[in-house]
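> Mind looking over this structure? Questions follow.
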Amino acid sequence: MIGAVLAASLGLSACGTSPATFNSAVSSLSSSPDAEIHLTATASGPGTDQAQKYLSAISLDATYVNPTGANLSQATSLDAEVTVNIANSALLDLRSVGGNLYLLINASALQSIPSLPISANEISAVNALFGGRWFELPKSLLNSYLKTERAKLKADGATPPATAKEVQEGKSVVAALTKFIETTPSTTLAGGGFAETASLQAFVNALWPTFESLDPSTVAEPTNVKGSYTLTLSTAGSIVTGGSISITAPSTGGNDTVGLQATVAHNGATIVAPANPTVLSESVLKGLLNEAK
């Protein structure tokens with residue numbers, strides 16, 4: 001999601017400059033063999049104290065690598081790693097290397113969040129089952145699972161995900177979003193990049209015709225949407241270094257603001273498969289799931 005926001009954000013129009021295209025934005029993010037994205041979230045306002053307490057302790061890192069060493073834009077498949085961090089410890093580390101999936105869970109990291117409604121006994125129980133061990137879901141097992149799920153969908157008369165129609169609809173929404181960003185007045189940031197602010201009502205007005213064309217219904221277009229958003233994109237030359245989006249809306253006692261911040265780097269990252277993982281066969285996976293119940 002943040003990758004799409006950052007890419008679309010490159011379309012911001014600035015005084016005296018012509019807006020970049022969405023394709024150019026995507027190219028700027030994938031013109032390196034790797035990309036590392038660090039995500040944090042914030043909340044402020046009279047109704048957000050509890051949320052901010054949790055958000056301030058949580059961050060997410062996502063790394064993408066083309067295993068051939070070519071740019072990401074030239075990849076036929078990517079290695080990836082996503083970690084969910086609590087303070088300075090990784091709660092979850094998920095890696096995809098060569099089509100195999102690897103998972104490490106460290107439930108003890110949850111102890112860094114104050115007043116979290118999870119007991120020490122519950123954390124110990126999770127650690128006893130999963131803690132300190134890497135698990136591997138082989139590519140063959142994943143493919144078998146996906147094949148089974150597709151067969152179930154077909155048998156039930158359901159449409160499998162990512163049909164050509166759905167892909168085209170997604171492109172239509174992205175195009176409408178990009179056009180809105182490009183045509184909204186923006187300012188140039190002193191350090192490089194752009195910023196824009198607009199009302200949520202303007203956002204709805206711009207995208208509603210696209211949504212209505214994709215799914216005609218009797219639902220009337222919202223006409224009294226309160227609040228605004230601010231979108232920023234930081235660059236160093238033509239390279240994206242970060243971005244943020246915040247939404248402010250009325251709440252009891254004032255305004256609440258929620259925000260998502262991202263930094264982007266290309267530091268020559270590598271992603272390797274962990275040593276000696278516990279390989280999950282179908283029977284072992286079923287056993288673990290039964291123990292977790």
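Throughout, read-outs are computed from the coordinates displayed, never taken from laboratory work. Computed from a predicted model, the values in this text were never measured in an experiment. For neighbour counting, all protein chains shown are included, and Cβ atoms are generated from backbone atoms with ideal geometry for every residue, glycine included.
> Could you check the simple spin-label distance between ASN143 and SER31, using points 7 Å along Cα→Cβ, in nm with one decimal?
Inter-label distance under the simple model: 3.6 nm.
> I would also like to ask the following. What does the extension gain come out to for THR40 and THR188, with contour length at 0.36 nm per residue minus their alpha carbon separation?
Numbers: separation 148, 0.36 × 148 = 53.28 nm, distance 2.34 nm.
Result: 50.9 nm gained on full extension.
> Oh, and also: THR263 label point, 7 Å along Cα→Cβ, cut-off 20 Å on backbone N: hits in region 39-60?
Hits in region 39-60 for THR263 at 20 Å: 39-43, 55-60.
> A follow-up question, please. Considering only Cα-Cα distances, which of the following residue pairs are longer than 30 Å: LYS171/LYS226; LYS53/LYS165; LYS53/LYS171; LYS53/LYS179?
LYS53/LYS165; LYS53/LYS171; LYS53/LYS179
> Starting from the Kirkwood radius over alpha-carbon pairs of region 165-293, derive D by Stokes-Einstein at 10 °C in a medium of 1.306 mPa s and give it in µm² s⁻¹.
For these conditions, the coefficient is 83 µm²/s.
> Also, I was wondering about something else. Compute the distance in nm between two label points, each set 7 Å from the Cα along the Cα-to-Cβ direction, one at GLN111 and one at THR197.
The answer from the label model is 4.4 nm.
> Right, next: How much length, in nm to one decimal, is gained on full extension between ASP215 and VAL174, taken as 0.36 nm per residue of separation minus their Cα-Cα distance?
Length gained, ASP215 through VAL174: 13.2 nm.
> So what's the net charge close to VAL82: Lys and Arg +1, Asp and Glu -1, counting the other residues with Cβ under 12 Å from its Cβ?
Local net charge: -4.
> Let me ask something additional. Taking 0.36 nm per intervening residue step and subtracting the Cα-Cα distance, what contour gain separates ASN127 from LYS226 on full extension?
31.2 nm
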